[in-house]
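Structure, as structure tokens:
The values are calculated or read from the model by the stated rules, or taken from the named source; none is laboratory data. Worth saying up front: this structure is predicted, and the values here are computed from it rather than measured. FYI the Cβ positions are ideal-geometry reconstructions off the backbone, even for glycines, and counts take in every protein chain you see.
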Amino acid sequence: VWAKCLEIIHKDINEQSFKTWFEPIVPLNVANQTLSIQVPSQFFYEWLEENYIHVLRKAIDYTLGKNGMLEYSIIVDKGDKKNPPIAYNVPNQKPTVPVAAQRKPEPTLYESPFQLKDLDSLELDSYLNPHYTFDNFVEGDCNRLGRSAGLAVAQRPGVTSFNPLMIYGSVGLGKTHLIQAIGNYIKNTQTNKFVLYVTSEKFCNQFINAIKNNTLQAFSNFYMQVDVLIIDDVQFLAGKERTQESFFHIFNHLHQSGKQIIMSSDRAPRELAGMQDRLLSRFKWGLTADVQQPDFETRIAILQKKLQADGIYIEDKVIEYLAHSIDTNVREMEGVIVSLMAHASLNRREIDMELARTTLKNIVVDNEKEVTVDSILDAVTSHFDVNMADLKGKSRKKETVFPRQIAMYLMKEFTNLPLKSIGYHFGGRDHSTVIHAVQTISIMLETDKEVEKTMQKLYKYFNRVRVKN
Ligand code: ADP
Ligand code: MG
């Protein structure tokens, strides 16, 4: 039946859409005039319903008759055997979001687990997000040490010399993902171990509440029973003397009892101003590893992994374009994918190069500042290491002429100044000189990859992404 459906659908839509949205579908069975199919994600399902419901209806009418129905099942979490696909009866109405796909709400800030739990009888919550795993953490040069140390710790918590394990690096580079992946791994392989994930901020609030409520003892007791303590963003403890003191005691107790401690921080321990030396020296007992910005290849791999998890197909050249344009951090990359999907479904179109370009443009425009003549002059002089007087002066040397032409080109691109005024900024050159410069650079951009790269870099000075036509 499904083969016949595909045949009908294929005739109605173009090749690219067919490949993207119909080839990944797995037919499950047909019973009682109902065809069951499996789709890779919630997003995928919604897309089908939004865009291809008529084509599908037609195919079902033809194969199963007017009363024929279609039932979707969505793969909730790929590779996770514990969560079998959930099936919905969906003739025409939408399913609710599968429970397992919903994010667990963040625990409320002032909740204090240590107050209410009898450790023996209650299953303790570890506050881990199960979506953060090693499987979906892409390895690259940027995180290799942290990842392998993390894996070692995950396999033998408290036993390796990586205790504490400290992962540091700037925002959006996967610290939380990595330390939670360690926690999830341990939780799944050593079910008797009490793994606890807590942000430093939450820890701090709990401590303050414990003081208020006179439950400090319960607070420490609670933490001292943890087998694997994962504490995120420890830089937050800076300057908080009493919280640090309490953490110090908990730390010592756990460490002495062979319990594993895993931390993250947004900067290297030596740069953690406002942190007590005795704590900092404890941090050095184990291993400190940094995570850095992913390189181009790793960015591609991360994008591919995310798209695959969402069951979305995007052409390689679009992926490369995205990886090329967003080089700040992984969170930003994810943000762009989400907007791309939103734009795609709002405008009912595929995610192609054009959509990628406009979406990126819009995102970048959001935090754009106006590009002024001065900022262009500054960027060009510092990028090419020429001085301002030479740039504006009469020199005909190649080292000066090229940057000067680039500056003119940028002014033409970014400001509304008439050519004559642009010339004025370069020692009163006339407009034909400016035209010549703009033409020269335009041609070089078309023909010389190095010039194109240089231009991309200059655009970054202004927080712009250069979009080639
Ligand atoms: P941080 O804690 O360093 O600010 P996060 O761990 O919150 O960063 O990462 C931001 C987002 O990027 C998360 O959704 C995370 O899953 C994703 N991410 C970061 N690094 C990777 C990676 N190497 N592979 C896959 N996803 C990643
Ligand atoms: Mg984080």
Quick one: in the stretch 129-175, of everything that is of a type in the set (Lys, Arg) and closer than 25 Å to PHE236 by Cα, which residue is nearest to ligand 1 (Cβ to nearest atom)?
-> LYS175
Please verify whether the stretch 232-243 includes one or more residues that are among the β-branched types (Val, Ile, Thr), closer than 18 Å to SER200 by Cα and surrounded by fewer than 21 Cβ atoms within 10 Å (Cβ to Cβ).
-> yes
Pairing a residue in the stretch 439-454 that is closer than 12 Å to ILE406 by Cβ with any residue that is charged (D, E, K, R), where Cβ atoms lie under 7 Å and the two sit 6 or more apart in sequence or on different chains, gives LEU445/GLU452
Can you name the helices (runs of 4 or more DSSP H) wholly within the stretch 151-234 that have at least 2 residues being free of Cβ contacts under 8 Å to residues at least 40 places away in the same chain and of a type outside the set (Ser, Thr, Tyr)?
-> 200-213, 216-224
For residues that are hydroxyl-bearing (Ser, Thr, Tyr) and assigned to a helix (DSSP H, G or I), scanning just the stretch 13-39, find the one that is surrounded by the most Cβ atoms within 10 Å (Cβ to Cβ).
-> THR20
Expected output for the stretch 328-348 (first residue touching a residue at least 24 places away in the same chain (Cβ under 8 Å) and of a type in the set (S, T, N, Q), partner within 16 Å of ligand 2 (Cβ to nearest atom) and not in a helix (DSSP H, G or I), Cβ below 8 Å, 6+ apart or cross-chain) is THR328/GLY172; THR328/GLN293; ASN329/SER170; ASN329/VAL171; ASN329/GLY172; ASN329/LEU173; ASN329/GLN293
Is it the case that some residue within the stretch 289-296 is assigned to a helix (DSSP H, G or I), within 16 Å of ligand 2 (Cβ to nearest atom) and surrounded by 14 or more Cβ atoms within 10 Å (Cβ to Cβ)?
-> no
Would you check if there is a residue in the stretch 450-466 being over 38 Å from the mean Cα position of the chain (by Cα), surrounded by fewer than 19 Cβ atoms within 10 Å (Cβ to Cβ) and of a type outside the set (D, E, K, R)?
-> no
The residue that is modelled with the highest pLDDT, considering only those in the stretch 389-433 that are at negative phi and of a type in the set (Gly, Ala, Ser), is ALA407
If we ask which residues in the stretch 238-273 are closer than 22 Å to ARG147 by Cβ and of a type in the set (Ser, Thr, Tyr), their number turns out to be 2
Filter the stretch 148-193 for residues that are of a type in the set (Lys, Arg) and over 19 Å from PHE251 (Cα atoms); which is farthest from ligand 2 (Cβ to nearest atom)?
-> LYS187
Between residues in the stretch 293-308 that are over 21 Å from ASP266 (Cα atoms) and hydroxyl-bearing (Ser, Thr, Tyr) and residues that are part of a helix (DSSP H, G or I) and within 16 Å of ligand 2 (Cβ to nearest atom), which pairs lie under 8 Å by C-beta distance while being six or more apart or on different chains?
-> none
How many of the residues making up the stretch 137-147 are surrounded by fewer than 23 Cβ atoms within 10 Å (Cβ to Cβ) and within 16 Å of ligand 2 (Cβ to nearest atom)?
-> 3
Would you please list the contacts, defined by Cβ atoms under 9 Å and residues six or more apart or on different chains, that run from a residue in the stretch 125-149 that is aromatic (Phe, Trp, Tyr) to a residue that is assigned to a loop (DSSP other than H, G, I, E, B)?
-> TYR127/LYS104; TYR127/GLU106; TYR127/PRO107; PHE137/ASN143; PHE137/GLY174
Residue check for ARG267: over 30 Å from TRP21 (Cα atoms) and touching a residue at least 60 places away in the same chain (Cβ under 8 Å) = yes
Only one of (1) small (Gly, Ala, Ser); (2) over 30 Å from LEU124 (Cβ atoms); (3) at pLDDT below 95; (4) not assigned by TED's automatic domain parsing to the domain that holds ASN205 is not met by ALA301, so which one is it?
-> (3)
Complete set of residues in the stretch 40-53 that are surrounded by 14 or more Cβ atoms within 10 Å (Cβ to Cβ), assigned to a helix (DSSP H, G or I) and touching a residue at least 40 places away in the same chain (Cβ under 8 Å) = GLN42, PHE43, PHE44, TYR45, GLU46, TRP47, GLU49, ASN51
Determine whether the stretch 163-177 contains at least one residue that is of a type in the set (D, E, K, R) and modelled with pLDDT of 95 or more.
-> yes
So LEU445 clears everything in (1) touching a helix residue (DSSP H, G or I) at 6+ places or on another chain (Cβ under 6 Å); (2) not in a helix (DSSP H, G or I) except one condition, right? Which one?
-> (2)
